[in-house]
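Derivation of every value follows stated rules applied to the coordinates shown; laboratory data play no part. Just so you know, these numbers come straight off a predicted model, no measurement behind them. Neighbour counts run over all protein chains shown; Cβ positions are idealised from the backbone, glycine included.
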Amino acid sequence: MTTASRPFPRPGVLDIEAYVPGKSAAPAGVKLHKLSSNETPLGPSPKAVEAFQSLASKLEFYPDGSSSKLRTAIAGRYGLDPARILCGTGSDELLQLITKAYLGDGDEGVFTEHGFLVYRIAILAAGGKPVVVREKNYTADVDAILGAVTPRTKIVFLANPNNPTGTYLPFDEVKRLHAGLPSNVLLVLDAAYAEYVRRNDYASGLELVAESENVVMTRTFSKIYGLANLRIGWLYASAHIVDALDRIRGPFNVNGAAIEAGAAAVADEAHVAAAIEHNEKWLAWTTAELEKLGLTVTPSVGNFILIHFPKAAGKTAKEADAFLTQRGLILRAVASYGLPDALRMTIGSEEANRLVIAALADFLSAKA
Ligand SMILES: Cc1ncc(COP(=O)(O)O)c(C=O)c1O
């Protein structure tokens, strides 16, 4: 037997393209408006900040390994069973844990064409095979997803609403997807932007989790709650799924400051309402202004929009990105999501939104 000259990662690991976060720097001397990671312009609840600070004098102690206070707060807010909630270091960690627990070598994980990048990473890291399904009009297509399921499929990931497209599937469609899946396939509903959605036919999936054995819904505190820096996610699932994930997670996977701040954030419903109101107003305004400039925008129900710069129009997304960056307006290039001719813009403060529109007007009329 020949011995390798050094350790090599398991198959699949080196096929992963490491996740590249949204840019966060502006040129020297220019005010930065970071609109690249779907963070909230309102920041966190002041009550969450206060709760975070209360931890400063207790840093030598391990946190509560079961995040009880946070789970109780979430359960109270949404009327859920706290025993079926699992918290994690961002929903990213939970997506990785789910994949690690339910998908093994050669198993298939299904997600859609412009789906969140972490699904591919998690599947490859677990030794599985990513199966990418075409979307229709930048929207997940239930029939196409069901058509991609094989006896090797273990997980189907659906971001609803999806990042970076901002599109969503009505709950009836999600239920149709679930009904068409074999009972041994896990349906992961990633509802990172659920709180922003203002549509009567939308549901995050709690109801489906409650009545099925093969559905997990994931949520995050990184978006509407403004706590991205603390890395807090949670999931709701059947007891047998929570039990499996509990066995493989880190024993203290959520830090104490995150537990305290998250619990306080959930309780501050007025802050969330203000964030929803801000987003509704500026999502509509920004979309309309971009359309007035002649740009195509994919209709979004989240706190971000996908702006298209068709090559035929002679002005590329790459040039627009460079132009905006010069003015401190940092959007997200989405070529890695299969969208080389688009940029994703987070709905920002009034000032930032107005600056983007003014800058794009200048860009399109070729003025510097
Ligand atoms: C669809 C989707 N899921 C999950 C996440 C991860 O969020 P977290 O910060 O909780 O890891 C994001 C963040 O961008 C996202 O857009």
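Exposed loop trypsin sites (Lys or Arg not before Pro) only (DSSP loop, at most 13 other Cβ atoms within 10 Å): please give the longest stretch of the chain free of them, not including the sites.
200-366
Between the alpha-carbon centers of the stretch 168-182 and the stretch 201-261, tell me the distance in whole angstrom.
20
Over the stretch 238-368, what is the relative contact order in whole percent, taking alpha-carbon pairs under 8 Å and six or more residues apart?
Once normalised by length, the contact order is 20 percent.
In nm, to one decimal, how far is the modelled label at E60 from the one at A322, with both set 7 Å along Cα→Cβ?
It is 5.6 nm.
Rounded to the nearest 5, what % of DSSP beta bridges with both residues in the chain are antiparallel?
Beta bridges within the chain, antiparallel portion: roughly 50 percent.
Quick one: compute the contact order of the chain, relative version, from alpha carbon pairs under 8 angstrom and 6+ residues apart, as a percent.
Taking the mean separation of contacting Cα pairs over the length of the chain, I get 25 percent.
Rounded if a/c is under 1.5, else prolate if a/b beats b/c, else oblate: with a ≥ b ≥ c from the C-alpha gyration tensor eigenvalues square-rooted, which is the stretch 46-267?
The shape class here is prolate.
Would you mind calculating the gained length between A210 and A366 on full extension (0.36 nm times residue separation, minus the Cα-Cα distance), in nm to one decimal?
Contour length minus Cα-Cα distance gives 50.8 nm.
Taking a ≥ b ≥ c as the square roots of the Cα gyration tensor eigenvalues, with a/c under 1.5 meaning rounded and otherwise prolate when a/b beats b/c, else oblate, which class fits the stretch 207-253?
Oblate.
Using the basic label-point model (7 angstrom from Cα toward the beta carbon), what is the L146 to A313 distance in nanometres?
Simple spin-label model gives 3.6 nm for this pair.
Assuming R0 = 22 Å, what is the FRET efficiency of T3 and D105, from their Cβ-Cβ distance, to the nearest 0.05?
About 0.50, to the nearest 0.05.
Okay, which of the stretch 221-258 sit inside 12 Å, backbone N to the point 7 Å along the Cα-Cβ direction of D81?
237-243
Report, in whole Å, the centroid distance computed from the Cα atoms of the stretch 67-110 and the stretch 18-50.
Here the two parts' Cα centres lie 25 Å apart.
How about the stretch 4-65: which GluC sites (Glu not before Pro) there are in a DSSP loop, with at most 12 other Cβ atoms within 10 Å of their Cβ?
Passing sites in the stretch 4-65 are E17, E60.
With a ≥ b ≥ c taken as the square roots of the eigenvalues of the C-alpha gyration tensor of the stretch 22-118, please select rounded if a/c is under 1.5 and otherwise prolate if a/b is larger than b/c or oblate if it is not?
oblate
What residue among V13, A191, N38 has its Cα farthest toward the positive end of the dipole of the chain, where the charges are +1 on Lys, Arg and -1 on Asp, Glu, each on the Cβ?
Highest projection toward the positive end goes to V13.
If you average the alpha carbon positions of the stretch 263-305 and of the stretch 129-163, how far apart do those two centres end up, in angstrom?
26
Compare N200, N38, N279 in a GNM of the chain, Cα atoms joined below 10 Å, and give the one with the largest fluctuation.
Highest fluctuation of the listed residues: N200.
Would you calculate, for the chain, the mean residue ellipticity at 222 nm contributed by helices, counting each DSSP H stretch of 4 or more residues as -39,500 (n - 2.57) and dividing by all residues, to the nearest 500?
Calculated at 222 nm, the ellipticity per residue is -11000 deg cm²/dmol.
Report, in debye and to the nearest 20, how large the dipole of the chain comes out about its Cα centre when Lys and Arg carry +1 and Asp and Glu carry -1 on their Cβ.
Once rounded to the nearest 20, the dipole reads 780 debye.
Evaluate the distance, in nm, between pseudo-label points positioned 7 Å from the Cα of T72 and of E280 along their respective Cα→Cβ axes.
The answer from the label model is 3.3 nm.
Normalised by the number of residues in the stretch 97-181, what is the relative contact order in percent for Cα pairs under 8 Å and 6+ residues apart?
So the answer I get is 34 percent.
Can you tell me which of F116, F61, F221 moves the most in a GNM of the chain? Springs connect C-alpha atoms under 10 Å apart.
Sorting by GNM fluctuation, first place goes to F61.
Which residue, P46, P151, P164, tops the fluctuation ranking in a GNM of the chain built on C-alpha contacts under 10 Å?
Top of the fluctuation ranking is P151.
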